[in-house]
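The values are calculated or read from the model by the stated rules, or taken from the named source; none is laboratory data. All figures in this text were calculated on a predicted structure; none of them were measured in a lab. Heads up, the Cβs are rebuilt from the backbone with ideal geometry, glycines too, and the neighbour counts pull from every protein chain shown.
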Amino acid sequence: MNKAELVAKIAEDAGISKTQANASIDSFTDAVAKTLKKGESVTLVGFGTFSVSKRAARTGRNPQTGAAIKIKAKKVAKFKAGADLAKTVNK
């Protein structure tokens, strides 16, 4: 499912226009991104938790040349599915 299909589904289920559904999705993703940028997490009980994790610096290999390269440390976004979501997916 892509964003356009998700917008159509939310608009249909909620009885709102596609424009309103699109604005809702944009607001949600913006709020999650801003919260993660602050280093905080977003928890939706039963659905899951969005969080930020630190990835340590490490040494990798250039696949074309085989030469060792340094990969810088960075922060990455993570999602851990909640119990209800995991249960639904595993049915």
key: Cross-chain or 6+ apart pairs with Cβ under 7 Å, segment 35-57 first and without any contact (Cβ under 8 Å) to a residue 24 or more places away in the chain, then loosely packed, with under 11 Cβ neighbours inside 10 Å and assigned to a strand (DSSP E or B)   = R55/K74; R55/V76; A57/K70
ask   = Any idea which of (1) free of Cβ contacts under 8 Å to residues at least 40 places away in the same chain; (2) under 21 Å from N2 (Cα atoms) is the one A77 doesn't satisfy?
value = (1)
ask   = Which pairs have Cβ atoms under 6 Å, sit 6 or more apart or on different chains, and link a residue in segment 1-13 that is within 12 Å of S24 (Cβ to Cβ) to one that is at pLDDT 95 or above?
value = V7/K18; V7/A21; V7/N22; I10/A21; A11/K18; A11/A21
inquiry  = When the residues of segment 45-66 are narrowed to those that are out of contact with any strand residue (DSSP E or B) (no Cβ under 6 Å at 6 or more places or on another chain) and surrounded by 13 or more Cβ atoms within 10 Å (Cβ to Cβ), which ends up nearest to I10 (Cα to Cα)?
reply    = F47
message = The conditions are (1) of a type outside the set (A, V, I, L, M, F, W, C); (2) exposed (fewer than 13 other Cβ atoms within 10 Å of the Cβ); (3) in a strand (DSSP E or B); (4) within 13 Å of the chain's Cα centre (by Cα), and T29 fails exactly one of them. Which is it?
response = (3)
Check on I25, outside the structural domain of V89 (by TED's automatic domain parsing) and either in contact (Cβ under 8 Å) with a residue 12 or more places away in the chain or more than 23 Å from V89 (Cα to Cα) (or both) = yes
message = Just the residues that are farther than 25 Å from G39 by Cα and among the small types (G, A, S), please, taken from segment 53-85.
response = G60, G66, A67, A68
